[in-house]
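Below you'll find the structure, written out as structure tokens, and then a few comments.
The values are calculated or read from the model by the stated rules, or taken from the named source; none is laboratory data. Note that the structure is predicted; figures quoted are calculated from it, not measured. Cβ atoms come from the backbone with ideal geometry, glycine included; neighbour counts cover every protein chain shown. The accessibility values were calculated without ligands, DNA or RNA, using every heavy atom of the protein model including side chains. Shrake-Rupley method; radii C 1.70, N 1.55, O 1.52, S 1.80 Å.
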Amino acid sequence: MYPLRRNRRLRANESIRSLVRETIIAPNDFIVPLFVVEGTNVREEIQSMQNYFRLSLDNLEKEVKELWSLGLKSVLLFVKVPDILKDNKGKEALNPNGLMQRAIKTVKNTCPDMIVMTDVALDPYSMYGHDGIVENGQIVNDPTALFLAEMSVSHAKAGADVVAPSDMMDGRILTIREALEDEGLINTSILAYSAKYASAHYGPFRDALDSAPVDSLNIPKDKKTYQMDYHNRLEAIRETRMDIEEGADIVMVKPGISYLDIVREVKNMSEVPVAVYQVSGEYSMIKAAAERGWIDHDAVMMEQTTAIKRAGADMIASYFAKDIVKLIS
């Protein structure tokens, strides 16, 4: 007897496949990470991130206009700080005329409706390349959290819509939320990097910002004392729950494709939207393999990005955002 239900009927051609498709990728799904540097007319390709660039403020303005024209409505800003301005406590991060603060204003002046998210962490400003203040060979939690709160207030005053602490210090979401409330910045949202793993996929990003931990006998050589152990699943749930209780408006899982189980776990328990960061290593591996002709760039790019959304991401921070939007358009 033939089966009464033949599932292949709904796969017969692209028209029917698209009609019943469960997961749809659209421009509104994306947050676009942007790297900002000092200077004029700088559009410098990042060696380990093919076709991705560090931008001076004048080119940041041009980039934002292009993104908006493509339907991309959110950017996440990172800054490459000159070595001369780096120290242990990141004081340059609080400079009201610092590069981050000027970048925020540039985006808002160029496109007022663009959602501006900002990286809140010490590593771009740290002489040690760590996300926290170093004391006696340790990355100290509470002084760092207090400083991150000051940084968040500075970003919000410059015009940021969303501050995104990426440091993984304990209690920093509550500390930031209280600081924002105390300053009357009640409409500033917090995107918490809630489940950020100590991953090997971050290498190209650290090249982009020159923010890798320094090799020193006196301090940790990596970020494993504060970023999460990738062997752990339940820990991600605990971290996310704590961040929501402390006032996070959005929670994030980072990286993406190697952590789809975590994305689904977080989505199932989260009361707030879930973001995923499709990180630099994921981007660069696809670019490098495609350049060698080993894979179909667009097909793998779309498959991996769709997998992240299918796993539960409400939004995706991705270096592929422009490529994908141009492709699906």
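Can you tell me which residues in region 120-129 are touching a Ser or Thr at 6+ places or on another chain (Cβ under 6 Å) and either touching a residue at least 60 places away in the same chain (Cβ under 8 Å) or not in a loop (DSSP other than H, G, I, E, B) (or both)?
Step one: of region 120-129, the residues touching a Ser or Thr at 6+ places or on another chain (Cβ under 6 Å) are 120-121, 123-124, 129.
Across region 120-129, the qualifying residues are VAL120, ASP123, PRO124, GLY129.
If you take just the helices (runs of 4 or more DSSP H) that sit entirely in region 130-209, which of them hold at least 3 residues that are modelled with pLDDT under 95 and under 26 Å from ASP229 (Cα atoms)?
On the way: elements: 141-158, 172-182, 203-209.
Filter on region 130-209 gives 203-209.
Scanning region 216-255 for residues that are modelled with pLDDT under 95 and closer than 30 Å to SER56 by Cβ yields a single hit, LYS223. Scan region 231-245 and tell me whether some residue there is part of a loop (DSSP other than H, G, I, E, B), of a type outside the set (D, E, K, R) and touching a His at 6+ places or on another chain (Cβ under 9 Å). No, the conditions are met nowhere in region 231-245.
Yes/no per residue for (1) over 18 Å from MET228 (Cβ atoms); (2) of a type in the set (A, V, I, L, M, F, W, C); (3) touching a strand residue (DSSP E or B) at 6+ places or on another chain (Cβ under 7 Å):
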| residue | (1), (2), (3) |
| --- | --- |
| VAL263 | no, yes, yes |
| VAL266 | no, yes, yes |
| ILE286 | yes, yes, no |
| GLU303 | yes, no, no |
| LEU327 | yes, yes, no |
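Restricting region 185-200 to residues that are of a type outside the set (Phe, Trp, Tyr) and closer than 21 Å to ALA158 by Cβ, the residue that is most open to solvent (accessible area, probe 1.4 Å) is ASN187.
Inspection of region 75-93 finds a residue satisfying the criterion of being touching a residue at least 24 places away in the same chain (Cβ under 8 Å), of a type outside the set (Lys, Arg), farther than 30 Å from GLN138 by Cβ and open to solvent by less than 10 Å² (accessible area, probe 1.4 Å).
In region 104-123 there is at least one residue matching the filter, namely being touching a His at 6+ places or on another chain (Cβ under 7 Å), open to solvent by less than 10 Å² (accessible area, probe 1.4 Å) and farther than 27 Å from ILE219 by Cβ.
Hey, could you check region 10-30 for residues that are of a type in the set (Val, Ile, Thr) and over 21 Å from SER329 (Cβ atoms) and say which is most open to solvent (accessible area, probe 1.4 Å)? Taking the candidates together, the pick is VAL20.
Just to be sure, is LEU148 under 19 Å from the mean Cα position of the chain (by Cα), free of Cβ contacts under 8 Å to residues at least 40 places away in the same chain and crowded, with 23+ Cβ neighbours inside 10 Å? Criteria met by LEU148. Counting only residues that are within 19 Å of the chain's Cα centre (by Cα) and open to solvent by 60 Å² or more (accessible area, probe 1.4 Å), region 201-228 holds 3 of them. The one condition from (1) in contact with a strand residue (DSSP E or B) (Cβ under 6 Å, 6 or more places away or on another chain); (2) surrounded by fewer than 24 Cβ atoms within 10 Å (Cβ to Cβ) that GLY159 does not meet is (1). Filtered by the rule that a residue be basic (Lys, Arg) and in contact (Cβ under 8 Å) with a residue 12 or more places away in the chain, region 262-302 gives ARG264, LYS267, LYS287. Give the residue that is farthest from TYR52 (Cα to Cα), with candidates limited to residues of region 279-329 that are open to solvent by 60 Å² or more (accessible area, probe 1.4 Å) and part of a helix (DSSP H, G or I). Residue satisfying both the conditions and the ranking: ARG310.
Only a single item in (1) of a type outside the set (D, E, K, R); (2) in a helix (DSSP H, G or I); (3) open to solvent by 10 Å² or more (accessible area, probe 1.4 Å) is not met by VAL272, and it is number (2).
Here VAL253 meets the list (1) open to solvent by 50 Å² or more (accessible area, probe 1.4 Å); (2) in a strand (DSSP E or B) almost entirely, failing just condition (1).
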